[in-house]
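A short worksheet on the structure shown next.
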Amino acid sequence: MNILSSNDIHILDLPDEMLRAIFNKLNMADMLYSLVDVNQRFDRLALDSLYIYHLDFSIEAFNNYNSSTYTHILDRICSKILPRINQKVTKLTVDPLSMERILGAIDYSQLHSLSFVNFEPKILSRHLTDKTMLHLLANQITHITVDINIEKTEISNESEPNIFEFILLYSTCLNDLTFFQKSSREYLAISSLNIPYGNSLSLSLIKLKINVNTFDDCLYLLNGCLPSLSTLIIRIKKIARSTLMINNTKELFKLKCFSLSTNRYTFDYDKQVVPLLCRMLNLEELTLFVSVIRTKSTYIDGNQLYDKVLNYMPRLNKFIFSIHTHISNEYSKKKIDLPSNNDIRNSFTKRGIQSIDIFADDKLINNRGNCHVYSLPYQFNDFLFMNSCFQGGRFDKVRLLSMDDIRPFEHELFQIISQDFPFLRTLIILNNIPQKNKQHHSSTLITFNHLFELDLFCVHNDYVIQFLSDKNTRLSCLTNLIIRYETLLTVTNNFTNNATRLNCSKIKSLVTHKLFVGSQDYHSYFPSLSLSTLVNCDYPKSFIDGNESNPPTTLDYKTLLTMATPKTNTFKENISTLSNDSIIEEIRHNDGRIKRTKSDLSKQIILPNGSKQDISSDGKQICVQFYNGDYKEKFSDGRCIYKYASTNTTETKYPDGTRIYEFPNGQIEKHLPDGKQ
């Protein structure tokens, strides 16, 4: 019988290949819970070793379930299914809700890979010190992925172990570690972990993928603590001049693969990055994603790369790069001659680097010039600091694009972008110069099928009209919008303009720059809005015009917002002084927590038990007032003061481990790190 011609096709009539394709569309829990024990054929397919070797129980897989349903599903999987497949599982992905139940269900004798997703530090620390986990780390696990979300972290405990250090010290079989720490403020600071310089953290680790805070952290990782490391993939938040006495000259013979990326501009490429690269004499693969500011020299081209970097890497066989050079000649009297696009291209091709593309200014405009050169095919998720010189290309991997220029962005350029960046999710535009060819807006409708977030905070009104008007642009997935309130009010004509209504109707998160009371027209204009965030600041015109008298050492597309915020006073030791700042945002969570953002961008978190935590705007100083009257303050220099209310005693802990106790009767005791007094 030809089943394709039948009007009554049963799922069991489908061949195994089609059933496997259907099963692959299901998350792991759905597949195990719904299909196992239905019949022998489903069991054979669902429990196949090629499919079941990796069990993924991360929360994203269960976002359609409530907590009771989720618990019921896990209970059945743990009791009825896992005991049948324990010899087949080699890789496990867990989150805070599933970890304890899944890991305690069976003995995973073949498990060698663990992924911890969306954990808070204190919760993961507790699980890592469990007896079962310690056994796995010491005897089986060779691959670990850690995904920490520290935005949710409230009051930390000084006695908790540092997770990065703990994993390296206790995972004696570990050879591959991916460690990501999510935070809007900073990444992991390796150099501040109080690990003795030069001490080995792991003798077995071969590959490390990590996000760190500073260039010092990168130097620290490459100077003795990981002696077997051959692959380092590192994203650095800020590349600036080193503040530590770390040797940046010792040759790195074992390093075979190195990837360096940063989303911020740096002034210190030549003084910091180049010397580090020259140490990698046996490097075989190099990836660079950097944006460099220069004030006295020209663009980075193929000749400079070869003479200063590549010439020191005779074994290099793979070079992937995206290098953006920004020339700023405002504060230097030295004349800078800019090469043409052809000259720059030839400087690469004559060195054997053929697959590249480039767009560059061939003359300075307002004492500034930009050059972006990158290898093809383009391999990065971000494309930063595009200007109006861009001519097009193919960028299927790019999810975030930032644009910045002192010349207008015309409708035709956005049309090119919509075609050449087909999977773009985030677009950030910085341009206060009005468009010239506005009459071409209605000629071609531009469509961004996947654009999720649009940042129009620092733009001329023309670009708001360009994107929000459905006559110019169609934004079927736009959910997050960042924009000035006055600009939004003008372009939408007090939320009555029908031309911009459709693209605004899907927005769920709106970021503005001032407090306002939404009118009835406002609420009907944004029917999907679930979060309105207020950023109480303005962009300084001097920075936009390029007249900043003291340019910062690092800049990125979000730094404009940071620079625009009011400068805060010194963080006071008395927590009560913080209450004088007005509250610009308050979020109340279902668990009773209250999170407040104040006008100086400091934050306050109030827990259900009455404890309060105040965090300075730069995140470096923290005050905690506990419900029992105890008080704790942590300073940027590493000092920590704890005042015990019950005994009226003060303890001061210093970074070297020294503790000083002050008692009510005036007695003072000093305890040294070795235990002596």
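The values are calculated or read from the model by the stated rules, or taken from the named source; none is laboratory data. This structure is a prediction, so every number in the text was calculated from the model and none was measured. All Cβ positions, even for glycine, are placed from backbone atoms using ideal geometry, and neighbour counts span all protein chains on display.
Okay, here's what the table says:
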| read-out | value |
| --- | --- |
| Hits in the stretch 656-667 - residues which are surrounded by 10 or more Cβ atoms within 10 Å (Cβ to Cβ) and either at positive phi or not assigned by TED's automatic domain parsing to the domain that holds Ile641 (or both) | Gly657 |
| Residues located in the stretch 316-358, provided they are polar (S, T, N, Q), surrounded by 17 or more Cβ atoms within 10 Å (Cβ to Cβ) and part of a loop (DSSP other than H, G, I, E, B) | Asn329 |
| Flag for Asn248 being modelled with pLDDT under 95, in contact with a Pro (Cβ under 6 Å, 6 or more places away or on another chain) and surrounded by fewer than 20 Cβ atoms within 10 Å (Cβ to Cβ) | yes |
| Selection from the stretch 258-287 of residues that are more than 22 Å from the chain's Cα centre (by Cα) and outside any loop (DSSP other than H, G, I, E, B) | Asp270, Lys271, Gln272, Val274, Pro275, Leu276, Leu277, Glu285 |
| Looking only at the stretch 435-452, and only at residues there that are modelled with pLDDT of 85 or more and more than 32 Å from the chain's Cα centre (by Cα), the one that is surrounded by the most Cβ atoms within 10 Å (Cβ to Cβ) | Gln435 |
| Cβ pairs under 8 Å, 6+ apart, first in the stretch 70-98 and buried (at least 16 other Cβ atoms within 10 Å of the Cβ), second assigned to a strand (DSSP E or B) and of a type in the set (Asp, Glu) | Thr93/Asp56 |
| Selection from the stretch 248-298 of residues that are within 23 Å of Asn381 (Cα to Cα) and among the basic types (Lys, Arg) | Arg264 |
| Only listed residue being free of Cβ contacts under 8 Å to residues at least 40 places away in the same chain, surrounded by fewer than 16 Cβ atoms within 10 Å (Cβ to Cβ) and in contact with a Ser or Thr (Cβ under 6 Å, 6 or more places away or on another chain), chosen from Asp405, Asp362 | Asp362 |
| Test set (1) under 22 Å from Asn437 (Cβ atoms); (2) of a type outside the set (Asp, Glu); (3) buried (at least 16 other Cβ atoms within 10 Å of the Cβ) - Gln391 fails condition number | (3) |
| Residue satisfying all of: in the stretch 465-477; surrounded by fewer than 23 Cβ atoms within 10 Å (Cβ to Cβ), touching a Lys or Arg at 6+ places or on another chain (Cβ under 9 Å) and not polar (S, T, N, Q); nearest to Asp404 (Cα to Cα) among these | Ile465 |
| Of all residues in the stretch 627-655 being modelled with pLDDT of 75 or more and among the acidic types (Asp, Glu), the one that is farthest from Asn609 (Cα to Cα) | Glu651 |
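For every residue, the table says whether it meets (1) modelled with pLDDT under 95; (2) part of a loop (DSSP other than H, G, I, E, B).
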{"position": "Phe380", "(1), (2)": "no, yes"}
{"position": "Phe390", "(1), (2)": "yes, yes"}
{"position": "Lys397", "(1), (2)": "no, yes"}
{"position": "Ser402", "(1), (2)": "no, no"}
{"position": "Arg407", "(1), (2)": "yes, yes"}
{"position": "Gln419", "(1), (2)": "no, no"}
{"position": "Phe423", "(1), (2)": "no, yes"}
{"position": "Ile433", "(1), (2)": "yes, yes"}
